[in-house]
Amino acid sequence: MIQRLQDILGAVSFHRGLALGALVGSAIAGSTIWARIRAIRRR
């Protein structure tokens, strides 16, 4: 029972980390795209 609970919590932690990484990655990508758009508009 305890091993099964640890497996479930480990999976939740992995998925939480995966989701956080996806959010950070999308924020960086969005920031880069926005900076490029602004640079093009300034020309």
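The values are calculated or read from the model by the stated rules, or taken from the named source; none is laboratory data. The structure displayed is predicted, hence computed values, not measured ones. When the accessible area is computed, the model is the full protein with side chains, heavy atoms only, and any ligands, DNA or RNA have been set aside. Shrake-Rupley method; radii C 1.70, N 1.55, O 1.52, S 1.80 Å.
A few remarks follow.
- Three semi-axes of the equivalent ellipsoid, the chain, Cα gyration tensor, whole Å, largest first: 42, 4, 4
- For the chain, the solvent-accessible area of protein heavy atoms averages 97 Å² per residue (probe radius 1.4 Å; ligands and nucleic acids excluded).
- Accessible surface of the chain [probe 1.4 Å, protein heavy atoms]: carbon and sulfur percent: 67
- Taking Cα atoms only, the orientation of helix 2-42 departs from the longest principal axis of the chain by about 0 degrees.
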